[in-house]
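The values are calculated or read from the model by the stated rules, or taken from the named source; none is laboratory data. Everything numeric here is computed off the predicted structure, so don't read it as measured data. Because the Cβ atoms are built from the backbone with ideal geometry, glycine has one as well, and the counts that use them run over all protein chains shown.
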Amino acid sequence: MRGQYGQVMAFIAVALAIVVMPVAAYAVDAAAVSGAAAALEEATATAALEASQQLDIVDFRMAGALAVDPTEARQVAQAVLSAGAPAATIMSITVVGAEVTIESSEEVQLPFDFFPERTVRLGSRASARLAGGYDNPGIAPPTSTP
């Protein structure tokens, strides 16, 4: 009877290695991918919003139409995305009138070898539209007095 006291401890050690460690590795890999995906989506949305604010002055002065300057929008989108998600790349920027659509992607290295692939490619898409308004919405628009 004395020789069997350590069997449960050995079984628990083997069970931990076989069951718990892969589950922990999966959790860490999933958390890394989830965090990177959230950061990519936020950076892409911010880049689209900032790019949509680039008014095409020539169109506005000639026709009074609100349109986005494609060249400025691309430059601003690249700068904002690089600041928010440095490893991300812009796949496409589409400017149609007052609307900007940005598609971006990023490769994320997984910390553990739980999945067969060591990297995951994430993608994100965001659109924003230029709208006319006041610089300070807290101030009422000027009114004319009779």
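Report whether or not residue 17 is part of a helix (DSSP H, G or I), more than 26 Å from the chain's Cα centre (by Cα) and small (Gly, Ala, Ser). So residue 17 passes the test. Can you confirm whether residue 24 is out of contact with any helix residue (DSSP H, G or I) (no Cβ under 6 Å at 6 or more places or on another chain), surrounded by 14 or more Cβ atoms within 10 Å (Cβ to Cβ) and not in a strand (DSSP E or B)? No, not satisfied. When region 73-118 is filtered for residues that are in a strand (DSSP E or B) and of a type outside the set (A, V, I, L, M, F, W, C), the ones remaining, listed by number, are 89, 92, 94, 99, 101, 103, 104, 105, 106, 107, 109. Does at least one position in region 34-48 carry a residue that is more than 18 Å from the chain's Cα centre (by Cα), assigned to a helix (DSSP H, G or I) and either at pLDDT 90 or above or more than 19 Å from residue 88 (Cβ to Cβ) (or both)? No. Is there a residue in region 50-57 that is free of Cβ contacts under 8 Å to residues at least 60 places away in the same chain and either more than 25 Å from residue 85 (Cα to Cα) or surrounded by fewer than 16 Cβ atoms within 10 Å (Cβ to Cβ) (or both)? Scanning region 50-57 turns up at least one residue that is free of Cβ contacts under 8 Å to residues at least 60 places away in the same chain and either more than 25 Å from residue 85 (Cα to Cα) or surrounded by fewer than 16 Cβ atoms within 10 Å (Cβ to Cβ) (or both).
Only a single criterion out of (1) within 21 Å of residue 127 (Cα to Cα); (2) surrounded by fewer than 16 Cβ atoms within 10 Å (Cβ to Cβ) is not satisfied by residue 45, namely (2). Of the residues making up region 110-145, those that are modelled with pLDDT of 85 or more and over 21 Å from residue 39 (Cβ atoms) are 129, 130. Screening region 95-106 for residues that are surrounded by 13 or more Cβ atoms within 10 Å (Cβ to Cβ) and more than 10 Å from residue 44 (Cα to Cα) and picking the one that is nearest to the chain's Cα centre (by Cα) gives 106.
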